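**Q** The structure's right below; bear with me while I get my questions together.
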Amino acid sequence: MHSLVDSIRKEGFLYYYLIPLIITNVALIFYNYLYYTNIYFFTVSIPYWLLLFTALNLIIAYLGPDKKNRVLKQTQVLMNYENLDEKINKLLTQKEQEVLQLLLQQKTNKEISKLLYVGIRTVESYLYNIKEKLDLPNVKELRKFILAYKNKLNTQEQSSKK
């Protein structure tokens, strides 16, 4: 904990980090009090959302303010991974879905532009729109997402063949 506070002081974002740390420490003091006074009350009345909130605040405090939205968005993507096909069909336009399918086939931007008869800048704008609609921070994360999506499709195909 001391190393975390020292790194916070060096970066100069003390006030941003101070609130989550205070909340975390107060919550820990509260839980210790409940634990040592009445174990039954502690196990029955534990608010799990507060533990999740505290854990997320610690992670955010460790990573820094610029990573806060990224952590929260990736948590949402992981929670909604089961509904990924519906999300893609609902959010993306037909052309964006075509670009996504070509990316799944590991085509480059230049190859995609030739296959769809559009310019490279248009393909880049499609990639940007896909990235924004799927709440991904950059195109590199989009490529990782595409690989994960391709693995999901492959496992679905293998399970349907059996």
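Taken together, the values in this text are just the output of simple stated rules run on the coordinates, not laboratory data. From a predicted model like this one, the values you see are computed outputs, not experimental measurements. Ideal geometry is used to build each Cβ from the backbone, glycine not excepted, and the neighbour counts take in all protein chains shown.
**Q** Provide, as a two-decimal number, the C-alpha radius of gyration of region 80-161 over 2.2 N^0.38 Å, N being how many residues it has.
**A** Numbers: Rg = 12.8 Å, N = 82, 2.2 N^0.38 = 11.7 Å.
Expressed relative to 2.2 N^0.38 Å, the Cα Rg reads 1.09.
**Q** Normalized C-alpha radius of gyration of region 107-154, against 2.2 N^0.38 Å?
**A** Compared with the compact-globule rule of thumb, region 107-154 sits at 1.19.
**Q** What ³J(HN,Hα) values, in whole Hz, does the Karplus curve 6.51 cos²θ - 1.76 cosθ + 1.60 give for region 147-155 when θ = phi - 60°, with x put for Gly and Pro?
**A** 5, 5, 5, 5, 4, 5, 5, 5, 5
**Q** Projecting each Cα onto the charge dipole of region 80-161 (Lys/Arg +1, Asp/Glu -1 at the beta carbon, about the Cα centre), which of Leu116, Ile88, Ile130 comes out farthest on the positive side?
**A** So the residue we want is Leu116.
**Q** Determine ³J(HN,Hα), in whole Hz, for all residues of region 91-103 in sequence, where each value follows from phi through the Karplus function 6.51 cos²θ - 1.76 cosθ + 1.60 and θ = phi - 60°; x replaces Gly and Pro.
**A** Couplings: 8, 8, 6, 4, 5, 5, 5, 5, 4, 4, 5, 5, 5 Hz.
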